[in-house]
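Asks: Mind having a look at this structure? Questions to follow.
Nothing in this text is a laboratory measurement; each read-out follows from the coordinates by a stated rule. Being a predicted model, the structure only gives us computed values, none of them experimental. Neighbour counts run over all protein chains shown; Cβ positions are idealised from the backbone, glycine included.
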Amino acid sequence: MNQKNPDLVWTWEPLYDTFLISERSLGKSNNIPITLFQVPLGCVGSGFYGAKTESETNLHQPCQLETPNQFVLFGFSAAVSELTGKEDKDAIRQGVFKFILGNLILLELPMTLIPINPSEKSEFFDNKGGMKDERIEEIPYKTGFYYLCPDGNSLLLEWQQRFKVEIKYPEGIVPLPSGKDCRFSIFLVGLHGRYR
């Protein structure tokens, strides 16, 4: 299937996932990338010692949507803990962002091109994780995220397709300059289609 399923209910709602960057969860010399959308709701991982909650992710299965959901992907945004300082944000921006679909690297670019918003919720989302404007005719906000396709086209993710985001750092993942913990989230911006 390569088109939106008309039997699904479509709303502007991001897919999001969070990684906890902390001294206790990351080694100073490893060369492992931060991987997002791999540890679903209720599971342990991504730097967290407890099970992930809805404040950390809204993905229910590792690396894929629930059956028979679809997602129309328009772009990407990031967010960090509200009190994260400029020096720590600059360190986060040193990574290389990859969006991987199956075994294919669909997009690879410096993290400097992905907007990092000042709090854990991107500026164009409401406090429940949904987009402020649920019209499906057009993207409700034109800024605040990196477009997957500059011409405004989108990518349809099907429930059986595997995807993830990797962020790799030249010297591996190290604690941030401040030494403080930082919740680092990536948002896939788009339309979420769910079964009625």
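Asks: Can you sort Y146, Y16, Y195 so the residue with the fewest Cβ neighbours within 10 Å comes first?
Replies: Y195, Y146, Y16
Asks: Taking 0.36 nm per residue of separation and subtracting the Cα-Cα distance, what length does fully extending L109 through Y195 add?
Replies: Stretched out fully, the L109 to Y195 stretch lengthens by 27.6 nm.
Asks: Please work out the C-alpha center-to-center distance from the stretch 30-55 to the stretch 96-116 and express it in whole Å.
Replies: Each part reduced to its Cα centre gives a spacing of 18 Å.
Asks: Let's test the formula: R0 of 22 Å, r as the Cβ-Cβ distance of W159 and E54. What FRET efficiency results, to the nearest 0.05?
Replies: Here the calculated transfer efficiency is 0.65.
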